[in-house]
Amino acid sequence: MFFAERVAELTRKMLRKKFYVVLSKPVVAPDKLQPFLSAHLEYMIGLEKRGHVFASGPLADGAGPPTGAGLTVLRAKDLNEARALAEGDPFFVNGLRTFELKEWTVMEGTLGVRVNLSDQTVEVT
């Protein structure tokens, strides 16, 4: 019983915020993505401006040039909405990528923002 009580105590104040993680990978050579890159970026920026994108970007394995794989963390009301958002990406619409969708519950971590008033810059740490 002690272990369950300790876990409950440690997790009592944790965030428990649900996000949806989209792990995408190309089904074509990475250079085949280039003609659709601007449409993809415009779509993602639109999602960001509507408040759906928490974070997004390409993945690298450190062994060479970019592979075309990506990771996106979405804010959505549920898994169905997250799937619809992911399926709207021009890379997916045009059959250039597939994706795996996972629900992710954020429990712990830190996020820092620094606003420099003198030059109106912002840093995320």
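The values are calculated or read from the model by the stated rules, or taken from the named source; none is laboratory data. This structure is a prediction, so every number in the text was calculated from the model and none was measured. Every residue, glycine as well, gets a Cβ built from its backbone with ideal geometry; the counts of neighbours run over all protein chains shown.
The C-beta contact set for the stretch 101-125 (first residue basic (Lys, Arg), second residue assigned to a loop (DSSP other than H, G, I, E, B) and modelled with pLDDT of 95 or more, distance under 9 angstrom, 6+ apart or interchain) is empty. In the stretch 54-68, the residues that are of a type in the set (S, T, N, Q) reach residues that are surrounded by 13 or more Cβ atoms within 10 Å (Cβ to Cβ) and not in a loop (DSSP other than H, G, I, E, B) with C-beta atoms within less than 6 angstrom, at least six apart or across chains, in these pairs: Ser56/Met44; Ser56/Thr72. Restricted to the stretch 101-114, and to residues there that are at pLDDT 95 or above and either hydroxyl-bearing (Ser, Thr, Tyr) or in a strand (DSSP E or B) (or both), the residue that is surrounded by the most Cβ atoms within 10 Å (Cβ to Cβ) is Leu101. Among the residues making up the stretch 44-73, a single one is assigned to a helix (DSSP H, G or I) and among the acidic types (Asp, Glu): Glu48. Pairs are defined by a Cβ separation below 6 Å, a sequence spacing of at least 6 or placement on different chains, a first member in the stretch 15-42 that is over 26 Å from Val106 (Cβ atoms), and a second member that is part of a strand (DSSP E or B) and of a type in the set (D, E, K, R); the pairs so defined are Pro26/Arg97.
Please verify whether Thr98 is of a type in the set (Ser, Thr, Tyr), more than 29 Å from Thr125 (Cβ to Cβ) and surrounded by 11 or more Cβ atoms within 10 Å (Cβ to Cβ), treating the condition exactly as stated. For Thr98, the condition - of a type in the set (Ser, Thr, Tyr), more than 29 Å from Thr125 (Cβ to Cβ) and surrounded by 11 or more Cβ atoms within 10 Å (Cβ to Cβ) - is met. Candidates Ala82, Ala86, Ala76: the one that is under 30 Å from Thr11 (Cα atoms), of a type in the set (A, V, I, L, M, F, W, C), modelled with pLDDT of 95 or more and part of a helix (DSSP H, G or I) is Ala82. Being in a helix (DSSP H, G or I), of a type in the set (Ser, Thr, Tyr) and at pLDDT 95 or above is the requirement here; does Ser38 meet it? So Ser38 fits the description; yes.
Kindly provide the set of residues from the stretch 89-100 that are assigned to a loop (DSSP other than H, G, I, E, B) and touching a helix residue (DSSP H, G or I) at 6+ places or on another chain (Cβ under 8 Å), ordered by number. Asp89, Asn94, Leu96 - these are the residues of the stretch 89-100 that are assigned to a loop (DSSP other than H, G, I, E, B) and touching a helix residue (DSSP H, G or I) at 6+ places or on another chain (Cβ under 8 Å).
Residue-by-condition table, conditions (1) modelled with pLDDT of 95 or more; (2) among the aliphatic types (A, V, I, L, M):
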residue	(1), (2)
Phe3	no, no
Lys18	yes, no
Ala29	no, yes
Lys32	no, no
Gly46	yes, no
Ala55	yes, yes
Pro58	no, no
